[in-house]
Amino acid sequence: MEIKAIGCEPLQLKRVHLENSHTLKVYQENGGYASLRKALGMTRDEIINEVKASALRGRGGAGFPTGMKWSFVPKDSPKQKYVVCNADESEPGTFKDRYLMERDPHALIEGMLIAAFALGSETGYIYTRGEYKYLIDIMDKALDEARSAGFLGKNILGSDFSHEIYTHTGAGAYICGEETALLSSLEGYRGHPRMKPPFPAIEGLYASPTVVNNVETLTAVPQIIEMGGETWRNLGTEKSGGTKLWSVSGHVKKPGVYELPMGYDDMEKFILEDCGGMLRDDKKLKAVIPGGSSVYIMNAEQIIGKKVLLDYEGLVVGGSMVGSGGFIVMDETVDIMESTKNLTEFYKHESCGWCTPCREGTDWLLKIFNRVASGGGQPEDAQLLLDICDNIEGKSFCPLGDAAAWPIQSAVKRFPEDFKKYLLRQDVAPVEAEAQKF
Ligand SMILES: Cc1cc2nc3c(=O)[nH]c(=O)nc-3n(C[C@H](O)[C@H](O)[C@H](O)COP(=O)(O)O)c2cc1C
Ligand code: SF4
């Protein structure tokens, strides 16, 4: 497993290779908690303005500007305010947050503390999926260390700022990574998403103002305070500041967690050189899902020779999205119908069942996939899959519906041959007609 920075100095990965990198001692020896001290000497607005200037965008999937999210929290609200770290990391192909928590837990604590100070919050939570129990043990030990050293608890570093952080595990449901479902789960209810608006910044945990941020978003905050928002932004691009972690899995020689500057200028080079090239030398690149499974799948023609930029804007131009930054690389041996069926099993299983389009739609999609895979494919099935996706996308209560539809829509349209071979009358080509439009 490779864990390294390419095209930039390691920032997120600065400490992860050090022996005992998870301890307070090593963290402090390498500059840890200096940003918290600096932040305590700043005003709340100054901190939020630095984060705005950094162009940091949420690393959990949606890419929402972090500074703007923080500025939505009402300053004059008499209610308790909360900082919640979304450490659910349930997106398929995504495993960066676990490395940060395992090897650099104090960076997360420091990021949460700076956020809490900026927002006037006394309580924070780190919410992980149930399978990450071992990380909770690491985080709890780090929280104890931070508390003993005066970084956490009452009157932090002698100031009038007090903040406590608690860890909490879910039971492993994908939907509990969606921020409002996470908050329901944290309150002890079933993890159903909630209506937005009101957004969590106004009415979140216990109906109080709450900022929910991803692990990687929060671990970037001490870096921004240390070097200043503008400098951090300039590591990336105007609209996508800083550096970003990418989890790379699949048919490459060097899977792992890579830190790249935002706007890294060639997706093809990243896969075929930086990640060691295709796992089997004699096999060609066929497909990549670059943002965890909940984004459009790209075919090789969209990547090879296209210089796709790795940032929020570049990947949209290239035909997909940054999402959670989980690169799933597939070579020519992969049957895209089979792999899309596999993803549909996941979304059907993880649909929380709250709203009809997603609950019924994912079930129908899987039934069709199963029939097609078992030899009962009909020529109209490709179009049928697309029609069902149309009835889920944009019509579901939360973004899981879109997430279930996007991989299928793009797979059917960008890999028509992989579907066509399963259909009985191969002279009928509705898939090809659709592909022309995409
Ligand atoms: C089905 C679903 C699952 C999600 N899972 C995660 C997750 O595991 N981790 C995460 O940080 N965000 C996840 N998100 C995104 C969150 O809803 C939210 O946008 C994010 O936590 C906000 O933090 P950020 O602004 O720092 O990205 C998920 C969203 C959806 C719709
Ligand atoms: S879209 Fe799916 S996961 Fe989201 S509320 Fe509806 S049923 Fe639940």
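The values are calculated or read from the model by the stated rules, or taken from the named source; none is laboratory data. Note that the coordinates shown come from a computational prediction; the quantities given were computed from them, not determined experimentally. Cβ sites come from the backbone with ideal geometry, for glycine too, and all protein chains shown count toward neighbours. Quick note on the areas: whole protein, heavy atoms, side chains included, nothing else; ligands and nucleic acids left out. Shrake-Rupley method; radii C 1.70, N 1.55, O 1.52, S 1.80 Å.
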Give the stretch 127-166 a look and list any residue that's farther than 20 Å from residue 27 by Cα, under 23 Å from the mean Cα position of the chain (by Cα) and not in a helix (DSSP H, G or I), or say none. 127, 128, 129, 166
Out of the stretch 321-335, which residues are assigned to a loop (DSSP other than H, G, I, E, B) and either assigned by TED's automatic domain parsing to the domain that holds residue 86 or within 21 Å of residue 369 (Cα to Cα) (or both)? 332, 333, 334, 335
In the stretch 59-71, how many are in contact with a Phe, Trp or Tyr (Cβ under 7 Å, 6 or more places away or on another chain) and either open to solvent by 10 Å² or more (accessible area, probe 1.4 Å) or in the same structural domain as residue 311 (by TED's automatic domain parsing) (or both)? 0
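For every residue, the table says whether it meets (1) more than 16 Å from ligand 1 (Cβ to nearest atom); (2) outside the structural domain of residue 406 (by TED's automatic domain parsing); (3) of a type in the set (Val, Ile, Thr); (4) at pLDDT 95 or above.
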position	(1), (2), (3), (4)
342	yes, no, no, yes
345	no, no, no, yes
348	no, no, no, yes
352	no, no, no, yes
360	yes, no, no, yes
364	yes, no, no, yes
370	yes, no, no, yes
375	yes, no, no, no
378	yes, no, no, no
Condition first: surrounded by fewer than 22 Cβ atoms within 10 Å (Cβ to Cβ) and touching a Lys or Arg at 6+ places or on another chain (Cβ under 6 Å). Can you find one or more residues in the stretch 147-157 that meet it? yes
Breaking point among (1) open to solvent by 40 Å² or more (accessible area, probe 1.4 Å); (2) touching a helix residue (DSSP H, G or I) at 6+ places or on another chain (Cβ under 7 Å), for residue 178: (1)
Could you tell me whether residue 338 is within 16 Å of ligand 1 (Cβ to nearest atom), charged (D, E, K, R) and in a helix (DSSP H, G or I)? no
Testing residue 92 on (1) open to solvent by less than 20 Å² (accessible area, probe 1.4 Å); (2) closer than 26 Å to residue 309 by Cβ; (3) within 16 Å of ligand 2 (Cβ to nearest atom), one condition comes back false. Which one is that? (1)
Name the single residue, out of those in the stretch 374-415 being open to solvent by less than 10 Å² (accessible area, probe 1.4 Å) and among the β-branched types (Val, Ile, Thr), that is farthest from ligand 2 (Cβ to nearest atom). 412
Filter pass, residue 50 being surrounded by fewer than 21 Cβ atoms within 10 Å (Cβ to Cβ) and either part of a helix (DSSP H, G or I) or outside the structural domain of residue 218 (by TED's automatic domain parsing) (or both): no
Would you be able to tell me the number of residues in the stretch 351-367 that are in a helix (DSSP H, G or I), in contact (Cβ under 8 Å) with a residue 24 or more places away in the chain, within 12 Å of ligand 2 (Cβ to nearest atom) and open to solvent by 30 Å² or more (accessible area, probe 1.4 Å)? 1
Looking at 333, 340 in this structure, which one is open to solvent by 30 Å² or more (accessible area, probe 1.4 Å) and among the hydroxyl-bearing types (Ser, Thr, Tyr)? 333
One residue is enough: does the stretch 194-217 have a residue meeting the conditions basic (Lys, Arg), under 30 Å from residue 32 (Cα atoms) and open to solvent by 10 Å² or more (accessible area, probe 1.4 Å)? no
Tell me, yes or no, whether the stretch 60-77 has at least one residue that is more than 16 Å from ligand 1 (Cβ to nearest atom), part of a helix (DSSP H, G or I) and within 17 Å of residue 112 (Cβ to Cβ). no
